[in-house]
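For reference, the structure is listed below as structure tokens.
Read the figures in this text as sums done on the coordinates, not as results from a lab. All values reported here derive from a predicted model rather than from experimental measurement. Virtual Cβ from ideal backbone geometry, glycine too; neighbours counted across all protein chains shown.
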Amino acid sequence: MSIDADEFRQLALEFKSKPNGCVFGMKVTLWVLLTIWGVEAALSSSWPIAVAGTLLTGLMFAHGVELQHQALHNTGFQSRLLNEIAGIALGAPMLVSFALYQVSHLRHHRHLGTPKNHEFFEYGDQYGRGGLSAVRHVFLRFSMIQHYWGFLAGTARALLIRRFPGETAPVSRRIRRDHLVMLGALLAVGAISHFLGGKFLLYGWLLPLLLVAAPVHALIELPEHYRCDTDSTDSFRNSRSIRSTPFLTWFTNGNNLHVEHHLLPGLPIERLHELHERIAPRIKYLCPTYVSFLAEVIFGRARGTFTEPTDAVA
């Protein structure tokens with residue numbers, strides 16, 4: 001199931017490629033247009049349109065973080081600067097610092113399967129090992145309250161010009177920059193909302209964030225390593241891939257092919273499906289659909305078990 005050094009080098013050489021900035025640029029452009037459309041609809045006086053707009057806006061907030069994930073790996077644009085600029089904007093609606101997410105996430109890639117592993121987004125019972133009660137687990141994961149608390153603490157640290165724990169001075173400056181940019185954006189949204197009678201902040205950002213984006217983002221991230229062999233450094237065992245529809249593959253920005261991403265994190269998202277065709281039979285945790293995965297989470301855990309999908313090949 002695991003891969004030896006020679007085979008890994010062969011795969012890395014075969015799939016070596018540069019990011020397609022045009023493709024990523026189109027993704028970002030579509031995200032901008034759909035977000036604007038969603039906010040406009042959310043501010044409508046017609047409640048069915050407003051509800052649809054709130055849903056679309058929240059979905060785009062969550063989708064933006066998946067695009068940010070591609071940018072932080074520098075597999076969006078070929079320019080690191082463009083990746084950083086786009087990444088800051090893509091994560092801002094969900095209060096995600098590009099720099100902090102980047103350094104934390106890259107460490108996660110290096111240390112997954114070891115005691116040093118740490119995720120950027122904390123959900124309490126991160127990998128579903130039963131450390132929390134079911135009610136508390138659901139609340140912490142789908143409210144993302146710990147993430148918002150982290151943003152507030154980070155903003156306070158940025159305003160006080162303090163170094164972020166465990167980070168170098170240059171990285172701390174980048175993280176501080178992101179928090180100040182997001183704080184400035186929030187103040188701007190608040191000012192616009194004031195002139196529009198208070199609707200913009202509530203309906204154009206707060207409700208889509210709390211009611212839609214947070215739980216949807218938590219759902220997107222849930223399958224990545226949930227109840228996989230997270231004490232193993234083998235990507236075929238510590239991560240999960242899901243064969244999904246073209247729409248969900250686009251919406252999650254390829255996050256469904258997570259084994260492939262961990263095996264070759266520098267591979268542009270657009271090529272993950274090619275790698276999947278090569279390695280699929282060796283993936284321990286392989287699900288045919290998101291529905292089958294969620295059914296296993298809900299009903300499998302209720303029985304006290306969490307079995308491997310029947311189509312996985314050891």
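On a 0 to 90 degree scale, rounded to 10, what angle separates helix 145-159 from the longest Cα axis of the chain?
Around 60 degrees separate the two axes.
Given a 10 angstrom Cα cut-off, can you work out which residue in Ile298, Ile283, Ile145 is the most mobile in a GNM of the chain?
Among Ile298, Ile283, Ile145, the largest GNM mean-square fluctuation belongs to Ile298.
Evaluate the Kirkwood expression for the hydrodynamic radius of the stretch 21-222, namely the inverse of the mean inverse distance over all pairs of different C-alpha atoms, and round to one decimal in Å.
17.8 Å
Please list, in order along the stretch 66-73, the HN-Hα scalar couplings obtained from phi with the Karplus expression 6.51 cos²θ - 1.76 cosθ + 1.60 (θ = phi - 60°), rounded to whole Hz, x for Gly and Pro.
These are the phi-based 3J(HN,Hα) values: 5, 5, 4, 4, 5, 5, 6, 8 Hz.
On C-alpha positions alone, give me the angle between the axis of helix 169-195 and the longest principal axis of the chain, in degrees, nearest 10.
It is inclined by approximately 50 degrees.
Apply 1/(1 + (r/R0)^6) to the Cβ-Cβ distance of Glu7 and Arg173, taking R0 = 45 Å, and write down the FRET efficiency to the nearest 0.05.
Step by step, r from the Cβ atoms, then E = 0.65.
Build a GNM of the chain with springs between Cα atoms under 10 Å: which of Pro223, Pro170, Pro265 gets the top mean-square fluctuation?
Answer for the Gaussian network model of the chain: Pro170.
Can you compute the modelled spin-label distance between Trp37 and Arg107, with each label point 7 Å from Cα toward Cβ, in nm?
Those two pseudo-labels are separated by 4.0 nm.
Output the relative contact order of the chain, whole-number percent, from Cα pairs under 8 angstrom with separation of 6+ residues.
19 percent
Taking the alpha-carbon centroid of each part, what is the distance from the stretch 17-52 to the stretch 221-263 in angstrom?
Computed from Cα coordinates, the inter-centre distance equals 25 Å.
Report the normalised scattering of the stretch 195-257 as log10 I(q)/I(0) at q = 0.20, 0.24 Å⁻¹, calculated by the Debye formula with identical scatterers on the alpha carbons.
Per q value, in the given order, log10 I(q)/I(0) is -0.83, -0.98.
Roughly how many whole Å is it from the C-alpha centroid of the stretch 56-93 to that of the stretch 185-202?
24 Å
Among Ile3, Ile220, what is the fewest-to-most ranking by other Cβ atoms within 10 Å?
Ile3, Ile220
By how many nm would the segment from Val51 to His273 grow when fully extended, if each residue of separation counts as 0.36 nm and the alpha-carbon distance is taken off?
76.5 nm
Based on Cα coordinates alone, diagonalise the gyration tensor for the stretch 1-86, multiply each eigenvalue by 5, take square roots, and list the semi-axes in whole Å, largest first.
Ellipsoid half-lengths, sorted descending, are 37, 15, 9 Å.
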